[in-house]
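Remarks on the structure that follows.
The values are calculated or read from the model by the stated rules, or taken from the named source; none is laboratory data. Computed from a prediction, not measured in an experiment: that's the story for all the values here. Counting neighbours? That spans all protein chains shown, and the Cβs are built from the backbone with ideal geometry, glycine included.
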Amino acid sequence: MTEIHLKFLPEFDEPLIYGRKTATSRTKRHGKKGDTFEHRFYYPNGCPVRGCTGDDGDGHDHIFELITDPVRVHLGLILDNLWDIEGCADRDEAWANWRRIYDKRAWAGHEQVWLHRFRMVE
Ligand SMILES: [Zn+2]
């Protein structure tokens with residue numbers, strides 16, 4: 001088990017902590033099944049995770065684990081069909097987010113990217 005580093009847009013904090021975002025697609029592969037990453041949340045008035053009291057204003061970390069090895073999949077398949085586990089409201093939002101992050105080229109959907117699936121473990 002290795003600790004990996006995955007950064008997320010701030011608007012994904014809520015989907016992450018409520019368990020609505022359980023996947024992220026990246027242009028590169030990060031880690032393997034069982035690897036973990038930390039994400040810092042700011043819930044000074046109590047965190048929605050059961051048993052978690054939150055933080056004193058400086059934030060606190062939760063740990064996520066990759067539940068499978070990352071898989072190489074067509075970008076369009078993920079954003080057209082798996083936008084919900086990406087924590088998006090619909091397909092259009094998933095595509096808009098992708099283009100916002102990776103705007104260096106015109107994405108058509110046939111490109112292969114790495115899908116990482118995870119769950120909160122702590
Ligand atoms: Zn918490």
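Per-structure values
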item	result
Index of the failed condition, L79 passing every other in (1) within 26 Å of E3 (Cα to Cα); (2) surrounded by 15 or more Cβ atoms within 10 Å (Cβ to Cβ); (3) modelled with pLDDT of 95 or more	(1)
Near pairs, Cβ below 8 angstrom, 6+ apart or cross-chain, from segment 45-59 (closer than 17 Å to E14 by Cα) to any residue that is within 10 Å of the ligand (Cβ to nearest atom) and among the polar types (S, T, N, Q)	G46/T53; C47/T53
Tally of residues being within 16 Å of the ligand (Cβ to nearest atom) and touching a helix residue (DSSP H, G or I) at 6+ places or on another chain (Cβ under 9 Å) across segment 59-99	2
Condition broken by W114, with the remaining ones in (1) away from the ligand (no atom under 16 Å from the Cβ); (2) over 17 Å from H5 (Cβ atoms); (3) outside any loop (DSSP other than H, G, I, E, B); (4) touching a strand residue (DSSP E or B) at 6+ places or on another chain (Cβ under 7 Å) satisfied	(2)
Condition broken by I63, with the remaining ones in (1) in contact (Cβ under 8 Å) with a residue 40 or more places away in the chain; (2) part of a helix (DSSP H, G or I) satisfied	(2)
Hits in segment 34-44 (condition: surrounded by 16 or more Cβ atoms within 10 Å (Cβ to Cβ), at pLDDT 95 or above and not in a strand (DSSP E or B))	D35
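Conditions tested, residue by residue: (1) in a loop (DSSP other than H, G, I, E, B); (2) in contact (Cβ under 8 Å) with a residue 40 or more places away in the chain.
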| position | (1), (2) |
| --- | --- |
| F8 | yes, no |
| D13 | no, no |
| S25 | no, yes |
| K28 | yes, yes |
| K32 | yes, no |
